[in-house]
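The values are calculated or read from the model by the stated rules, or taken from the named source; none is laboratory data. Not measured: the values here are computed from a predicted model. All Cβ positions, glycine included, derive from the backbone under ideal geometry; neighbour counts span all protein chains shown. Just the protein is used for accessible areas: all its heavy atoms, side chains included, with ligands, DNA and RNA removed. Shrake-Rupley method; radii C 1.70, N 1.55, O 1.52, S 1.80 Å.
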Amino acid sequence: MTAPGDAPKISVRGLHKAFGTNEVLRGIDLDLPAGQSLAVIGGSGTGKSVLIKSIIGLLEPDSGSILIDGEETLGLSPGERERVTRKFGMLFQGAALFDSLPVWENVAFGLIQSQGVRRRDAREAALEAMNMVGLDTDIADRSPAELSGGMQKRAGLARAIATKPEIMFFDEPTTGLDPIMGSVIDSLIVKSVRELGATALTITHDMASARRIADNVAMIYQGRIVWHGPVAEIDHSGNDMVDQFINGRSIGPIQLQVAV
Amino acid sequence: MRFLASIGRGTISTFATIGQIAVFAGIGLYHCVRPPFYPRLIVQQMIEIGYYSLPVVGLTAIFTGAVLALQSFNGFGFAGEATIANVVVWGITRELGPVLAGLMVAGRIGAAMAAEIGTMRVTEQIDALTTLSTNPYKYLVAPRLIAAIAMLPLLVLVADVIGVLGGFLVSVYDFGFNPTTYLKSTWDSLDGTGFVSGLVKAAVFGFLVALMGTYHGYHSKGGAQGVGQATTNAVVSASILLLLFNFIITAVFFAS
């Protein structure tokens, strides 16, 4: 997947993270080449969110290595961490828009606060980003609470792309949306990532979404990557866990703790 | 053994919490003095803390001043303008003004801070700040600390004036005191150290209220119930700390 000599955009090695006695990540190894889109799939509680939060720097792993553009990011000072974070854009599961700010200021937040763009120019850039994700600019001065779930996701996507990041993260982008709106959001994600030439990492348990968004898929189970390959091969992975997961079967090697 | 173990666990947990609050306060204060600053947010918080707290602080002060005059008059039997004015001005400027204003602001602002920041925590808005290269301490904590430290002394200044006015109204219209003599006695009773101690207390109380509000909000978890718990903890801990520091500051100023 990575051409010889090219450092992957994101490289994760031997990542471990535990909360008390609960070992969530048990040695994750993952490479994401520049310009590619990877979907990490897996059931609830398998460590997807912990993985993405560790890469972004929201959680401190117990051990392992996370390289961004070949640079080790674990143990960076806050200032150095901020420099690395400027490469990132993220769409959160619940959009995570700031309630206290109007929609346009949410979208322009990164431009104003971290890039020092003047408010008037930032507003123009925000309206442009809103156009890109199909949001009517008439809602620019509305509060996020006045928007529907789908519109909030679009606004969150506009905020993520407004700073033109090199790497984009998507946390369950279709959760809570109807299938049509989910498909729209996926299309916007693919379009935005292509236009920016960004590298994308998505975590999801929605297989339809993973197939639409990703070039490659990695499956995580019990804190380890159990399969990693092109999205086109996922139906013939030869991995029983992947087969069980993508077909939604209750019987198979993946054991769920379900009280009946 | 089980009893001793539970005492040990409680002690360790208490010291761990004190340590966490101290570290949080240190980081918050560090970001108060290190640029970049957010003047827009600081002004917004000043208006929220100072301007919108005026009615509740003013009402508390006027009734407290009035009650102080009433109780002093009844308690001392017959007392002249000088005695009542002295009791009111000392009581309000040294203790009741700062303490009651602090407690009112703890209830109004400390709770609001904890609820707002707690909701931001559980809805991942604080994580979003980090991904947008914005330090949450600088954006959320520092403006609230600066605004509360600056506005509480101003609120107490207003509470002092209104509290003394409450005593004046009761003394003049209920006891029939001479207004000019009462005002002169009030002015004569006003001592610089007592007045300054009240303002120092106010600044410290402002810091404590904002610290507890932001700390408990920042560390809230578990959805709506967690935010509710954080709000309760913010008000209760700020109120207790406020009374503790009131004693400490009083001892520092007036121990001799």
- prompt: If we only count strands (runs of 3 or more DSSP E) wholly inside the range A:159-260, which ones have 2 or more residues that are under 29 Å from residue A:86 (Cβ atoms) and open to solvent by less than 50 Å² (accessible area, probe 1.4 Å)?
  reply: A:167-171, A:199-204, A:216-221
task: Name, by its number, the condition in (1) open to solvent by less than 50 Å² (accessible area, probe 1.4 Å); (2) within 11 Å of another protein chain (Cβ to nearest Cβ); (3) not charged (D, E, K, R) that does not hold for residue A:78.
output: (1)
message: Being over 29 Å from residue A:182 (Cβ atoms), in contact (Cβ under 8 Å) with a residue 40 or more places away in the chain and more than 10 Å from chain B (Cβ to nearest Cβ) is the requirement here; does residue A:86 meet it?
response: no
query: What tally of residues in the range A:228-252 results from selecting those that are under 19 Å from residue A:48 (Cβ atoms) and within 19 Å of the chain's Cα centre (by Cα)?
result: 3
task: For residue B:163, indicate whether it is more than 14 Å from chain A (Cβ to nearest Cβ), at positive phi and not aliphatic (A, V, I, L, M).
output: no
statement: The number of residues in the range A:52-75 that are more than 8 Å from chain B (Cβ to nearest Cβ) and open to solvent by 30 Å² or more (accessible area, probe 1.4 Å) is 12
- prompt: Filter the range B:90-136 for residues that are in contact with a Lys or Arg (Cβ under 8 Å, 6 or more places away or on another chain) and not in a helix (DSSP H, G or I); which is surrounded by the most Cβ atoms within 10 Å (Cβ to Cβ)?
  reply: B:132
- line: Across the range A:55-105, the tally of residues that are part of a helix (DSSP H, G or I) and closer than 16 Å to residue A:30 by Cβ stands at 2
- request: Test each condition in (1) away from chain A (no Cβ under 14 Å); (2) closer than 30 Å to residue A:50 by Cα; (3) open to solvent by 50 Å² or more (accessible area, probe 1.4 Å) for residue B:141 and report the one that comes out false.
  value: (3)
message: What pairs come out if I take residues in the range B:2-19 that are in contact (Cβ under 8 Å) with a residue 40 or more places away in the chain and pair them with residues that are among the aromatic types (Phe, Trp, Tyr) whose C-beta lies under 7 Å away, six or more apart or interchain?
response: none
